[in-house]
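Here's the structure we're looking at; comments come further down.
Each reported figure results from applying straightforward, stated rules to the coordinates on display, with no laboratory input. These figures come from a predicted structure and were not determined experimentally. Cβ placement follows ideal geometry from the backbone for every residue including glycine, while neighbour counts extend to all protein chains displayed.
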Amino acid sequence: MTHNCDTCPAHAHLAQMGIRLGEGSRLVALAGNPNTGKSSVFNALTGLKQHVGNWPGKTVTRAEGGFAFQGQHYKLVDLPGTYSLLSASQDEEISRNFLLFGRPDCTIVVTDATALERNLNLVLQVLEITAKVVVCVNLMDEARRKGIEVDLRSLSRDLGVPAVPTVARTKEGLHDLVRTVAEVIDGTIATKPLRPGHPPDVEAAVGEVATLIEQRVPGIPNARWMAYRLLDGDSRIRQALESGELADLVAAQGTPAERRATLVSLQGRQ
Amino acid sequence: MTDPIARADQLRASLPAGFRDQVVESLYEEAHRIAGRSVKTGENRRIDFDQRIDRLVTSPIFGLPLMLVLITGVFWLTIIGSNYPSQMLATSFFWLEDKLVAWSAAAGAPAWLTGFVWNGVYRGLAWVVAVMLPPMAIFFPMFTILEDLGYLPRVGYNMDWLFRKAGAHGKQSLTMAMGFGCNAAGVISTRIIDSPRERLIAILTNNFVPCNGRFPTLIMLATIFVAAQFPPAVASVAAAGSVVGVVLLGVLFTLVVSAVLSRTVLRGEASAFTLELPPYRRPSILRILYTSLIDRTIFVLGRAMLTAAPAGAVIWILGNIDWQGASLARHAANFLQPLGHAIGLDGVILLAYVIAIPANEIVVPTMLMVYLGTGMMSDVTGYDDIRRILVEENGWSLLTAVNLMLFSLLHNPCATTILTMWRETRSTRWTFIGALMPLAIAFAVTFTVATVVRLLL
């Protein structure tokens with residue numbers, strides 16, 4: 001199969017935007033394990049012009065960039081590379097908070113085709129928080145070299161979200177990736193994320209605590225997820241709830257327009 | 001309104017025990033199931049080969065011994081390889097110094113200027129290059145090959161249980177490995193540790209691994225003093241072994257101090273982490289040469305030269321301004337003599353350490369310049385001459401050499417590292433502790449060794 005990008009009809013619409021972001025640009029988060037070529041994907045999509053700073057109050061690097069596709073502007077936020085969203089490390093907390101409160105229009109989870117099983121742990125955890133997900137199966141060239149075949153249809157079907165094969169280094173498949181992201185945001189592709197059910201007693205407990213959390217912090221997204229983490233004994237969520245930090249984060253997210261303004265002001269503070 | 005936290009605590013108690021493990025387990029099972037359906041792995045020899053190497057390299061039985069053999073080999077090659085080039089460099093630099101002095105005298109430059117520029121600044125630089133360049137040009141490429149192969153994460157894996165026992169983070173072994181290159185870089189690399197408590201421990205103890213500024217000192221002492229105690233056939237191995245011994249001692253101090261800190265002022269549990277063992281890669285020769293020679297050797301040498309030039313000037317001034325019948329350097333050395341003697345060293349060595357605070361690299365050159373500047377002037381061209389000056393003219397013994405190695409391993413970090421500690425912690429208190437705790441330990445250890453040895457002999 002050969003790709004000729006120049007004759008590809010939609011190619012003209014994909015342009016690296018650097019950090020010039022227009023009004024109403026869509027917000028896309030880039031998550032993934034370390035060493036999956038996440039940065040290659042980020043660089044290939046946004047080009048050399050990036051905004052690099054730290055996450056507010058943290059020593060963790062935060063990179064942002066933009067691109068345009070079919071006349072629509074996208075802002076891409078590179079989340080720290082993490083193996084999970086469960087433990088309380090700084091990186092995982094940043095990623096988790098961004099998915100919960102940054103409320104991206106779509107999240108790309110970059111995975112390593114040669115170590116898919118390990119990478120799926122993070123994918124499944126992201127799916128618990130947000131439904132608008134595209135799985136980017138990167139390093140397909142290394143997988144081919146190692147004789148590993150990935151059945152992307154089966155993967156998409158099982159996960160309930162689209163999976164796109166890529167080789168970020170050579171930009172192979174990135175166009176498909178962006179188109180899929182656009183279609184997920186438009187709703188052209190409907191996602192039905194895999195969320196394994198819990199035993200009935202756990203489900204009941206989650207439901208009850210979720211209701212209490214919603215009463216405590218009105219307008220909170222993903223109350224069920226929080227309830228679940230609280231039952232699991234997640235000390236960070238507990239702390240955030242106790243100290244009112246959670247309420248602040250919810251208040252800060254506001255409407256989409258305000259949300260972007262907050263992000264910009266956070267940048268300014270760095 | 002019911003408190004969600006309290007209610008969650010209540011409900012958790014009513015849920016089946018092991019519910020939390022179940023959650024993680026079901027996640028892994030699901031990932032396994034999906035991957036099993038969508039991934040087909042063909043026959044692959046490379047992966048098998050990688051796994052077989054990993055089984056050996058990270059084996060509970062062979063892992064650590066193999067690591068010791070590897071680093072001993074690296075030091076051994078460095079020691080046998082650097083003696084002769086060092087000699088050649090020194091010979092040519094000092095031949096040139098004589099010529100330069102003669103020329104500038106012939107050109108009518110005043111004696112103080114000739115002395116200051118050529119016997120001071122130039123000689124400082126020449127010493128640093130002659131003593132440091134050969135070991136670095138051999139050690140760094142070998143270290144970079146190990147790094148490039150992907151061996152360092154395996155070291156981290158092998159050492160994890162030790163750090164866990166010390167109440168510190170397993171990734172501390174990686175920041176420690178960075179410290180072998182440069183302690184300031186090691187302190188910055190502690191950013192990979194998430195818990196502030198464990199990160200602080202890693203910052204405070206990074207100094208206990210000898211950085212490459214200190215390796216030349218250790219290697220030189222091992223070559224001159226330790227090797228001389230053994231028959232020539234095994235001398236270089238013995239020298240390499242003693243450097244490894246010093247490194248292991250450094251690791252021991254790292255672990256003990258970490259354990260003490262995590263049980264006293266920085267109390268807490270070691271946290272779990274994921275360490276990915278990357279596939280073995282064929283090292284790229286060009287990149288290794290670039291990283292080891294440009295990024296490391298030239299960088300370190302450049303920094304050493306920047307501090308050596310003013311240090312050379314300071315030593316020349318101290319050695320050539322007389323006050324009450326003796327040079328200032330002599331006065332300073334005499335003032336430090338009682339303290340130096342108590343810890344098995346002497347005043348000149350301590351003076352060299354004071355002058356070398358900006359960069360540890362120049363300790364040996366500084367020491368030699370003070371000895372030479374205040375004693376008789378002689379041409380020093382190699383390790384044999386250095387040995388003669390230290391032992392015959394300045395009364396060094398094996399105790400002096402051993403204690404100097406210990407002091408060099410344990411003493412305060414260089415100015416750059418101290419500054420980096422402050423930048424990373426933003427705490428004057430912890431920076432002070434990071435600078436003074438090693439110094440106190442260094443004095444305590446060398447004093448104990450000196451006292452015990454003197455009582456026994």
I'd like the antiparallel share, as a percent to the nearest 5, of DSSP beta bridges with both residues in the protein assembly as shown. 50 percent
Mind checking the angle between helix B:428-456 and chain B's longest principal axis? C-alpha axes, 0 to 90 degrees, to the nearest 10. 60 degrees
Can you pull the three principal axis extents for the Cα set of the protein assembly as shown, in Å, largest first? 90, 63, 52
Show me the ranking of peptides B:218-230, A:206-218, A:189-201 by mean Cβ neighbours inside 10 Å, starting with the highest. B:218-230, A:206-218, A:189-201
Enter the angle in degrees (range 0 to 90, nearest 10) between the Cα long axis of helix B:398-410 and the first principal axis of the Cα atoms of chain B, meaning the one along which they spread out most. 50 degrees
Calculate the mean, over all residues of peptide A:206-219, of how many other protein chain Cβ atoms lie within 10 angstrom of the residue's Cβ. 3
Under the definition of partner shielding as Cβ atoms of other protein chains within 10 Å of a residue Cβ, what is the mean value for peptide A:153-162? 2
Taking the Cα-to-Cβ direction at B:Arg37 and at B:Leu100 and moving 7 Å from each Cα, how far apart do the two end points lie in nm? 7.5 nm
Hey, got the average number of other protein chain Cβ atoms within 10 angstrom for residues in B:314-326? 0
Bin all alpha-carbon pair distances of chain B at 20 Å intervals from 0 and give each bin's fraction as a whole percent. 22, 50, 21, 7, 1
If you stretched the chain out fully between B:Leu455 and B:Ile53, how much longer would it get, using 0.36 nm times the residue separation minus the C-alpha to C-alpha distance? 139.7 nm
How about B:Lys40: which aspartates and glutamates have a C-alpha closer than 13 Å to its C-alpha, ignoring those fewer than 8 places off in the same chain? A:Glu117, A:Glu149, A:Asp151
State, as an integer percentage, the relative contact order of chain B based on alpha-carbon contacts under 8 Å between residues 6 or more apart. 19 percent
Calculate the dipole size of region B:233-347 relative to its Cα centre from +1 charges on Lys and Arg beta carbons and -1 charges on Asp and Glu beta carbons; express the result in debye to the nearest 20. 360 debye
Show me the three semi-axes of the equivalent ellipsoid for region B:311-449, from the C-alpha gyration tensor (sqrt of 5 times each eigenvalue), largest first, rounded to whole Å. 28, 18, 14
Nearest 10 degrees, 0 to 90: helix B:19-38 Cα axis against chain B principal axis: 90 degrees
Signed unit charges on C-beta, dipole axis of chain B, positive-most listed residue B:Ala238, B:Val24, B:Leu221: B:Val24
Residues in region A:114-152 that a label on B:Arg287 would reach, taking backbone N under 20 Å of a point 7 Å out along Cα→Cβ: A:114-115, A:138-146
